[in-house]
1. By accessible area of protein heavy atoms, probe 1.4 Å, what ranking do VAL611, VAL453 get, highest first?
2. Gap in Å between the Cα centre of segment 99-120 and the Cα centre of segment 546-598?
3. If I model a spin label as a point 7 Å beyond the Cα along the Cα-Cβ vector, how far apart are those points for VAL618 and ASN483 in nm?
4. For segment 180-219, take N as its residue count and report Rg(C-alpha) divided by 2.2 N^0.38 Å.
5. So, with +1 on the Cβ of K and R and -1 on the Cβ of D and E, and no other charges, what is the size of the charge dipole of segment 111-265 about its Cα centre, to the nearest 20 debye?
6. Kindly state, to the nearest 0.05, the FRET efficiency for ASN559 paired with LEU147, given R0 = 45 Å and r defined as their beta-carbon distance.
7. Need one value: the accessible area of ASP182 in square angstrom, 1.4 angstrom probe, rounded to the nearest 10.
8. Taking every pair of alpha-carbon atoms in segment 1-124, what share in percent sits in each 5 Å bin, from 0 to the bin with the longest distance?
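The values are calculated or read from the model by the stated rules, or taken from the named source; none is laboratory data. Keep in mind it's a predicted model, so treat the numbers as computed, not measured. Cβ atoms come from the backbone with ideal geometry, glycine included; neighbour counts cover every protein chain shown. Note: areas computed on protein heavy atoms with side chains; ligands, DNA, RNA excluded. Shrake-Rupley method; radii C 1.70, N 1.55, O 1.52, S 1.80 Å.
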Amino acid sequence: MNIKILKGIGPARTAALAQAGIYSVTDLLDYLPRDYDDRSEFRTVDSLMEDMVQTIRGYLHGLETVTKPRRGTKAMTLTKAKLKDATGMLEMVWFNQPYLDKYFKRGMEYVFTGAVKRAPNGVLQMTAPDYEVVAEINLGAGRIVPLYTPPKGFSQKTFRALVYQALARLDDGLCVEETLPDDLRVQYGLCTRVVAIRNIHFPESDEGFLQARRRLVFEELFLMQVALLTMKGRVRSSVGRRFVAVDMMPFFDRLPFAFTVAQARVLGDITGDMMGGYVLNRLVQGDVGSGKTAVAMAAAYIAIQNGTQAAIMAPTEVLAHQHYEGFSRVFAPLGIDTVLLTGALSVAERKLARTKMADGTAQMVIGTHALVQKSSRFHNLGLVITDEQHRFGVNQRFMLTERGTEETLPPHTLVMTATPIPRTLALILYGDLDISIIDELPPGRVPIKTYAVNSTYRERLHAFIRKETQSGRQAYVICPAINAREDDSQKTDLTKNELKNVTDFTQSLVHALPEIKIAHLHGRMKPDQKQQIMADFKANRIQILVSTTVIEVGVHVANAALMIIENAERFGLSQLHQLRGRVGRSTLQSYCILVSDAKAKQTRDRLQAMVETTDGFVLAERDLEQRGGGDFFGTRQHGLAAFKIANLYRDASILAEAQAAAREAIEAGTAGGELVVLEAAAGKYWGVL
């Protein structure tokens, strides 16, 4: 049912709704509230409490709109209204809404909801409150009221009214498709989807809301599990290349270190899959510095010795170049030709790389997203490795597996991530993969000492940087912005708690530490500039590198022993841990210093967690507890949409039920056509099947 059938939806609003992904009435009903206000209790003027959002009902006693000229800018209009009830008078104020002078009528009864404050003149005041006429249908007062993230051009009030209008269509026969089988709903005590949709938007009671939420959370997690288990089943049932065992000693002899027990165990998982006759589809998860790349290199060696090609896709140019240097250093003496393919190469260089890929000359291929372009074809691709998978969509991974020739069997797939993920979340995000964990660091690593300080420590930080660099060490300084224009509201005085930016902060360090060689790096620089700066930093020609989070993933400089993160409150625990992992990659004592003037308790707790532990999995659990896993990485991970309603920490018990139900549905799928319907619903919801 097209959204245009609803009243008040013209071309402009149709376009605005489309930008939010709303094309039909069903889409609108699936656009869930982000929060709720309990406006069921009406207060009187004499019972209002300052600095709280409250709802009050009364008669409009006075109304005036005045225009105040402002030099150099558009004049400001100020609308004031007075509400009167049996206990007193309350003033309401709106800025730049002159049309309210025609909307409000003296003597009529209204309901207002807003924050109550005491004005400088002592008058109790409500600024920019929501309002409704008591005589009309009440959507914004006298009940639990939904709060949305309205599309552009809609206010809370107008969008709420539109949703209410759509709900009325349920009575006209609008079909809200039931996605769950009746026996499953009964088994898990779930209400119908129609009941859930009604009560998630405009709950009639707390019980109705809780039933609606439980139903929709279960549905979301259940359909995701069906989708992922189906994908996993299809891979497991696919006949894969059966590799044979090869002599690994030439490879191990080229490594400057011995594998840890954990690395050897995970390599055993991988070789067992590749030699088992089915398609390898495995996630290798390990904390920063645990040696995932060496394991991937060993897997690539096996694939190449079996007469096929191997490819690794990295999320950044910097990391792709680093992989190219590392793989070439080990593989070149073994007679293995390694090529690099990135968008930063010249046209001639890209053409040569693609030619060698297509004719099989290139046995090991390393690149960025350029690997999945249509012009990139392989001669005989046997192994696909993706590094930091959460930075790619699931569809990009599949696109890379399709770059081989049509005649060959599908390549094996190995996925790596240094982002520690709680196992419950890993099962959700990577449910189509088998999971191996490298839970051991190489011997000799010294735990990183972490401190959380505020900006009053600036001079002491400068002294510490000077001491470390005089000892031959190097340092990273991370800023959340590239330049000051990214946040014009912030001041440039670096003694304040403003948003630190790479450009200005580099200059401040050059001024404070003129004897130290300092450079900066960010994602908007040209690729050859970035590569030169990283090369100079690795060669210790640069002692301090001021950077954005472009260095977050995979960059390895063993001599870097100090990480300073400015505005540390701007980052989640997982990202802070990733950044900290850029140091401590040798036997040197390394340090991570988190600088923040934030006062919020949750922020201070997050930074204190970094001080207390270097265990990425412990931090990941805390991050999941704080953020709920709806958008765990700060991106739309795994190519899937962020959760609409589920919170993986709060809804752990529902997740367990949904996983069990999905497994039962998959296992019983051969009994009829019901599984086909479920798979279609899961694919539509998550967009992966």
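1. If we order VAL611, VAL453 from most to least accessible, we get VAL611, VAL453.
2. Between the Cα centre of segment 546-598 and that of segment 99-120, the gap is 51 Å.
3. Between VAL618 and ASN483, the simple spin-label model gives 4.3 nm.
4. 1.06
5. So the magnitude is around 720 debye.
6. 0.30
7. For ASP182, the solvent-accessible surface is approximately 100 Å².
8. In order of increasing distance, the bins hold 2, 9, 14, 14, 12, 13, 14, 13, 7, 2, 0 percent.
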